[in-house]
Amino acid sequence: MRASLATPGFDLQALLQSLRRVLALKPRAFFCAHAGALQAPLEALQAKLDFLEGKREEALRLKARGLTPKEALQRLFGGESPLALLSGGEMSRLAFVEALMMES
């Protein structure tokens with residue numbers, strides 16, 4: 001459950017809030033549209049939240065050093081995903097990095 005693609009205008013803060021709310025419910029069962037049924041939903045959801053928060057911290061550090069989203073994309077993910085080209089830019093790592101770099 002490691003996200004690295006987003007649509008333009010993706011709201012990272014809303015996703016982080018949603019993950020925290022779901023974690024607070026302590027679900028024993030969880031079905032992910034991408035990964036199917038999760039064997040250990042609390043651990044999987046916490047891992048996703050930790051990953052997103054960690055990438056956000058990295059992205060904000062890069063922004064503070066003056067890197068653009070395109071430059072940060074190279075540092076964080078090694079470049080764009082082929083899915084960006086296939087989707088005409090509707091799903092891209094650049095949009096994800098732009099969302100990571102937005103101040104809350």
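Quick notes
- Short-range pairs are left out: with C-alpha atoms under 8 Å and at least six residues apart, the relative contact order of the stretch 12-100 is 21 percent.
- Proximal lysines to K26, defined as alpha-carbon separation beneath 20 angstrom and excluding residues fewer than eight positions away on the same chain: K48
- Among A14, A59, A44, the largest mean-square fluctuation in a Gaussian network model of the chain, built with springs joining Cα atoms closer than 10 Å, belongs to A14.
- Span-rule helices in the chain, defined as complete DSSP H runs reaching 24 Å or more along the axis (Cα) with Kyte mean at least 1.0: none
- Our compactness index for the chain, the C-alpha radius of gyration over the empirical 2.2 N^0.38 Å, is 1.12.
Rule-based calculations on the coordinates, nothing more; no lab input. Everything quoted here is computed from the prediction, not taken from an experiment.
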